[in-house]
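The values are calculated or read from the model by the stated rules, or taken from the named source; none is laboratory data. Predicted model only: the values in this text are computed from it and were never measured. We place every Cβ from the backbone using ideal geometry, glycine too, and count neighbours over all the protein chains shown. Please note that ligands, DNA and RNA were not included when accessible areas were found on the heavy atoms of the full protein model with its side chains. Shrake-Rupley method; radii C 1.70, N 1.55, O 1.52, S 1.80 Å.
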Amino acid sequence: AAKAQSEREFRRLVQASEIQRQAELDGLRWALVQSVMEGVRTKLAELSADEPRYLPVLKSLLAQATTAIDQDELIAVVNEADHARFAQRWDTIIREAAPGKRVNLSNAFAAASGGVRVTSKNERISVDNTFEGRIERLEEQLNVLILERLFPSPVQMGPLFNG
């Protein structure tokens, strides 16, 4: 009986140790994912500072948002830096990105590193195509993709995401 009890205690200790080790590994994996996401945010900020590379991206985000809202008169909100850079040529940008739509540039600024938020004139419909808005919408998919790239072997990540 003493031998059986000592074996049970040994198995319990081993399992507890394995669970603790798995929790530590999950924490390290999650920290690595968060580090990569911070790198993504940094790269997006760098992209928005590089106007020749950024302008086509902004036009694409604007085109997607204006297409999603089935109205002809819309309002676009960009960050303060983009407003200063693009306000003078906004009409040209709209002709290229959203032909046939009237998209007024708001004097309010988005709290974003780049991209655009487009709303209907009555502000009942909104498409947040700012970098931060897109990251928020796609965060779970991005996390899975990052994990797949960082850890090519299948890793059981259910507890990491679902507790």
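Here is how the numbers come out for the structure above:
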{"quantity": "Residues that are open to solvent by 50 Å² or more (accessible area, probe 1.4 Å) and of a type outside the set (D, E, K, R), drawn from segment 58-82", "calculated": "Ser60, Gln64, Thr67, Ala68, Gln71, Ala81"}
{"quantity": "Number of the condition not met by Arg85 [criteria: (1) over 20 Å from the mean Cα position of the chain (by Cα); (2) crowded, with 20+ Cβ neighbours inside 10 Å]", "calculated": "(2)"}
{"quantity": "Residues being more than 23 Å from the chain's Cα centre (by Cα) and in contact (Cβ under 8 Å) with a residue 60 or more places away in the chain - total across segment 94-149", "calculated": "0"}
{"quantity": "Test: residue in segment 34-47 that is farther than 27 Å from Val144 by Cα, assigned to a helix (DSSP H, G or I) and open to solvent by 50 Å² or more (accessible area, probe 1.4 Å)", "calculated": "no"}
{"quantity": "Conditions (1) under 22 Å from Gly133 (Cα atoms); (2) among the basic types (Lys, Arg); (3) open to solvent by less than 70 Å² (accessible area, probe 1.4 Å); number of the one not met by Arg53", "calculated": "(3)"}
{"quantity": "Tally, over segment 77-111, of residues that are closer than 17 Å to Ser48 by Cα, of a type in the set (A, V, I, L, M, F, W, C) and not in a loop (DSSP other than H, G, I, E, B)", "calculated": "6"}
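For (1) under 18 Å from Leu47 (Cα atoms); (2) modelled with pLDDT of 95 or more; (3) out of contact with any Ser or Thr (no Cβ under 7 Å at 6 or more places or on another chain); (4) not small (Gly, Ala, Ser), each residue gets a yes or a no:
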position	(1), (2), (3), (4)
Ile75	no, yes, no, yes
Val78	yes, yes, yes, yes
Phe86	yes, yes, yes, yes
Ala98	no, no, no, no
Gly115	yes, yes, no, no
Glu136	no, no, yes, yes
Val144	no, no, yes, yes
Arg149	no, no, yes, yes
Ser153	no, no, yes, no
